[in-house]
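The next block holds one structure in the form of structure tokens; read it before the comments.
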Amino acid sequence: MARRHFLAIPTALAVAVATASAQTQDPGKATAAAPRTDYALTNVRIVVSPGKVIEKGTVLTRDGRIAAVGATVQIPAGVTQMDLTGHTVYAGLIDAATSIGLPSPSRALPATANAAAGPAAGRGGGGGAGGRGVPLGRGATPAAPVVLPEIDAGAEAADMFAPTDDQLKAFRAGGVTTVGLVFDGGLFPGRVGAALTGTRGGAPLALRAAAGQDVAFGTKRGGVYPGTGIGAVAYIRQAFLDAQYEARLDKAFKAGIPGARPSNDPMRRAMMPAATNEMSSWFVASTERQIVRVGEIAKELGLKGPVVVGSQEGWRVIANLKAAGATAVVSLQWPSADSITGREFLAVGSGKTGTAPAATAAETKEVHGNAAALAKAGIPVALASYGGESGLTFRDRIRMTIEAGMSPDDALRASTVTPAAVLGVSAAVGTIEVGKLANFVIVSGNDLFAATNPIKHVFIEGRIY
Amino acid sequence: MDTHMRILSGIFRAVALTALPAALVAQDVAIKNATVITITRGDIPNATVLVRGGKITAVGANVAIPAGVRTIDGTGKFVMPGIIDAHSHAALENGINEGAESVTPEVQVQLKNDDPVIYRALAGGVTAALLLHGSANTIGGQARVIKMRWGQSADSMYFKGAFRIVKFALGENVTRASSAAPADERRFPMTRMGVEFTVRYWFTKAKEYDQEWKEYRDGVKANPNLIMPRRDLRLEALTDILHGDLKVHSHSYRGDEILMLIRVADELGFKIHTFQHVLEGYKVADEIAKHGAMASTFADMWAYKVEAYDAIPYNMALMTQRGVVVSVNSDSDERIRRLYQEAGIGVRYGNMAVNEALKMVTLNPARQLGVDKMVGSIETGKDGDIAVFSAHPFAPEAMVEYTIVDGKVLFERAEANTLRKVAEKTPGGQY
């Protein structure tokens, strides 16, 4: 497992972000790190943020950050000038959620780290995870610690992000300079993080840990509770409740209230920030019924502003998403229009043929227009390649999203500003503003999402790719 | 009111009407000239049933049908309340059994609202069902009571006002008697003794939990520093059972295990609301009635496992005679389409009165699901949940021609000539 590496980013994020250590993502190449070049991108059209454009200006970078942006910028000596006449520079795109480069949620865990992992751990004698304990079990010998895959709430995706060079290259080719890291399934597979997609000079990739608590309705656990999707819901609710209880104990303990004794249960401790709304909960939920379920759970447990990762049938449950105050991280891996919930209603019923008619172009457009519909309804939308095998097509899929009805500004916001906000990295990325990382995507012409405008350069942390 | 005003007011009403959801407008329907099997008030020949706004507003021989209401000619047909299945696992997803633990009342089944089995149930006149957790656990998960509102979202199919119901199970399924797995890979309990212990053990814990919360609630007024106890969803569900807020439907077969559960429930202070399967119920009907429990059974299924050897088709009639409220259920995506025939078996075996037998798929299951105030008979004020048969439902040639839920015609045989295709595309489907 890779050691954690973090960039120093502004103090607003200091709580969540540690300063980079001397170690690098690829120790073998560490010494080969070239000194950074500072750039002046001149005569370029600058899309500072969605809707805010400088038709012709200069972007100056220094030490990997944006030093100046404007129509007229004093260019210091020793800076490499790039005349980008006829080109447009955008903030590097942010793919709000990917599992690429992350281990499986079903990874085996060290037994010691997990002996107590699970909401039922504090149940006391006879409880166990609900009946496997001593009084109901197999005599007095304590059972060996059970390895519980899919549950590792304290793990950081940012620690584990280990993509191949080719995977990173594909992201960059899709215009992506920052990715949100969300595990592929599980129950509590770890925490959401953010990382950059550069590789040069052994720069660290991880940008932020603890961006959110990853929750999914697994499960492939078979004979271990919860072993089914119905059990998963109960387990998830109990895990949040246990962490809320832990928070009550913690608070009381600190206040010196007699009898308050917090536990040292790693699961409960790990879940506390999310359970008390200090950290957002990211639920992986794509279908109508899953999204409704997220709303129910959030309401029951008082979880504010849940993030719904996938949201593929989000347009069918807009009211539920709104009521939950949810942010939709919308996967652009669209499901087939033939497989949408309720498709059977077209096939089966009075006067129906028994076979659903093949999806029409309009129905496919409705599926592709999911993000557009959600944005139109006022739900914060962040676009993602979640579920896809490569970041390569990210820009193309955003174009298709625009074709399906999303305004170009909304699409840009959903692939820069909003994902930066929901990942808690707004201070570092998402717009072309002084102090932020010099993450850019530069295209010929004036439209990042036009198929005919090839990507000329991608900058990450001031390095050119 | 002058003419202008009337016209204006008429326009206003028309606008207001079109602004209403289309569904509301479509919830008016009438069936005329039919034999109406009311269940509670006998059969009425040549009668009309009028449904407006989803509710039955009139039943009888002389009912005027307002203009514009869709009217079905019921000449020669029989109208009965929508059939209710008190035991089904149809249209569930993400697992029927959370079987890794022996006690899981914190779990709840999940409805797959677009499963075609719902439409097939409509084709059999079924308008509501109890979707239960499986029988792998001594105390299983919570159920869903649904109306067969085919075409609606999952949450709008839930039957509002129905009981919260949890599944218990006894006997061979729980002990995994037929499991091929070696004993050390099977979870506790593996014997009937263990099942009894499990119930007693967990309810004892639940009482302690209940007491802990009671002490907190009583004490926190005087001492605001008291820390709110840990909420345990499992024990909370069990305390709900103790308080009567969560009704127990227990899978059972043998007389001895039924008596065991009654004894344990009496001892611990909770009620068994309904015994499911209850194939030896005829042996212990008095005890079931005395406990206040109801029974939902199969008509004539037996000998499919050791504990089902003493089942007899007279079970329904015998339990009814001893004062038990009996329903006959499907527990099957196939039988759910012909529950009315299952009910008829009570007439053949045990000489049940015809309407007493029909009660077993209407009013009695409605009572078991806690919805008898709303459905289960054809009475003014009840929901417009209705099945229209081509002949008396016990006649061999009888077929369901219309199934109406909340006044909406959701199944219409004349248009639904494709059930075979529906069945073909459903795994294991039969039509």
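The values are calculated or read from the model by the stated rules, or taken from the named source; none is laboratory data. None of the values given here were measured: they were computed from a predicted structure. Here Cβ is always computed from backbone atoms with ideal geometry, including for glycine, and neighbour counts include all displayed protein chains.
A few remarks follow.
- Here residue B:195 fulfils each of the conditions (1) in contact with a Gly (Cβ under 9 Å, 6 or more places away or on another chain); (2) assigned to a helix (DSSP H, G or I); (3) closer than 26 Å to residue A:240 by Cα apart from (3).
- Checking each residue in the range A:319-338 for being surrounded by fewer than 18 Cβ atoms within 10 Å (Cβ to Cβ) and modelled with pLDDT of 95 or more picks out A:319, A:322, A:323, A:325, A:333, A:335, A:336.
- Scanning the range B:155-193 for residues being surrounded by fewer than 18 Cβ atoms within 10 Å (Cβ to Cβ) and either farther than 24 Å from residue B:368 by Cβ or basic (Lys, Arg) (or both) gives a total of 16.
- Filter result for the condition that a residue is buried (at least 24 other Cβ atoms within 10 Å of the Cβ), closer than 20 Å to residue A:425 by Cα and at pLDDT below 95, over A:196, A:205: A:205
- Counted as qualifying within the range B:37-137 are the strands (runs of 3 or more DSSP E) with 2 or more residues that are surrounded by fewer than 21 Cβ atoms within 10 Å (Cβ to Cβ), namely B:43-52, B:55-60, B:70-73.
- Residue identified as more than 25 Å from residue A:421 (Cα to Cα), without any contact (Cβ under 8 Å) to a residue 12 or more places away in the chain, crowded, with 23+ Cβ neighbours inside 10 Å and not hydroxyl-bearing (Ser, Thr, Tyr) among A:243, A:252, A:234, A:239: A:234
- Residues located in the range B:42-73, provided they are among the hydroxyl-bearing types (Ser, Thr, Tyr) and without any contact (Cβ under 8 Å) to a residue 60 or more places away in the chain: B:48, B:71
- Screening residue A:226 with (1) surrounded by fewer than 24 Cβ atoms within 10 Å (Cβ to Cβ); (2) in contact with a helix residue (DSSP H, G or I) (Cβ under 6 Å, 6 or more places away or on another chain); (3) not in a helix (DSSP H, G or I) gives one miss only, at (1).
- For the range B:64-108, the set of residues classified as more than 21 Å from residue B:154 (Cα to Cα) and at the interface with another protein chain (Cβ under 8 Å from one of its Cβ atoms) consists of B:99, B:100, B:101, B:102, B:103, B:104, listed by residue number.
- Hits in the range B:54-67 (condition: small (Gly, Ala, Ser) and in contact with a Leu (Cβ under 7 Å, 6 or more places away or on another chain)): B:58
- When each of A:429, A:441, A:458 is tested for being closer than 12 Å to residue A:178 by Cβ, in contact with a helix residue (DSSP H, G or I) (Cβ under 7 Å, 6 or more places away or on another chain) and assigned to a strand (DSSP E or B), the lone residue that passes is A:458.
- In the range A:329-348, the residues that are of a type outside the set (A, V, I, L, M) form Cβ pairs under 6 Å with partners that are not in a loop (DSSP other than H, G, I, E, B), at six or more places apart or across chains, as follows: A:331/A:310; A:331/A:384; A:334/A:367; A:334/A:368; A:341/A:288.
- Filter pass, residue B:111 being away from chain A (no Cβ under 11 Å), at pLDDT 95 or above and within 21 Å of residue B:161 (Cα to Cα): no
- Only strands (runs of 3 or more DSSP E) whose full extent lies in the range B:236-319 are considered here, and the ones with at least 2 residues that are in contact with a helix residue (DSSP H, G or I) (Cβ under 7 Å, 6 or more places away or on another chain), touching a residue at least 12 places away in the same chain (Cβ under 8 Å) and under 20 Å from residue B:196 (Cβ atoms) are B:246-252, B:272-277.
Conditions (1) surrounded by 24 or more Cβ atoms within 10 Å (Cβ to Cβ); (2) more than 22 Å from the chain's Cα centre (by Cα); (3) at pLDDT below 95, marked per residue:
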site	(1), (2), (3)
A:378	no, no, no
A:381	yes, no, no
A:394	yes, no, no
A:398	yes, no, no
A:418	yes, no, no
A:423	yes, no, no
A:429	yes, no, no
A:433	no, yes, no
A:456	no, yes, no
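- Residue satisfying condition, being in contact (Cβ under 8 Å) with a residue 24 or more places away in the chain, touching a strand residue (DSSP E or B) at 6+ places or on another chain (Cβ under 9 Å) and over 22 Å from residue B:187 (Cα atoms), within set A:190, A:202: A:190
- Looking across the range B:122-160, the residues that are under 25 Å from residue B:79 (Cα atoms) and more than 12 Å from chain A (Cβ to nearest Cβ) come down to B:124, B:125, B:126, B:127, B:128, B:129, B:130, B:145, B:146, B:147, B:159, B:160.
- Yes/no for residue A:185 being in contact (Cβ under 8 Å) with a residue 24 or more places away in the chain and surrounded by fewer than 24 Cβ atoms within 10 Å (Cβ to Cβ): yes
- Restricting A:286, A:281 to residues that are within 23 Å of residue A:238 (Cβ to Cβ) and among the small types (Gly, Ala, Ser) narrows the list to A:281.
- The residues of the range A:278-294 that are more than 10 Å from chain B (Cβ to nearest Cβ) and under 11 Å from residue A:320 (Cβ atoms), listed by number, are A:285, A:291, A:294.
- Here residue A:211 meets each of (1) more than 10 Å from every other protein chain (Cβ to nearest Cβ); (2) over 23 Å from residue A:97 (Cβ atoms); (3) surrounded by 20 or more Cβ atoms within 10 Å (Cβ to Cβ) with one exception, condition (2).
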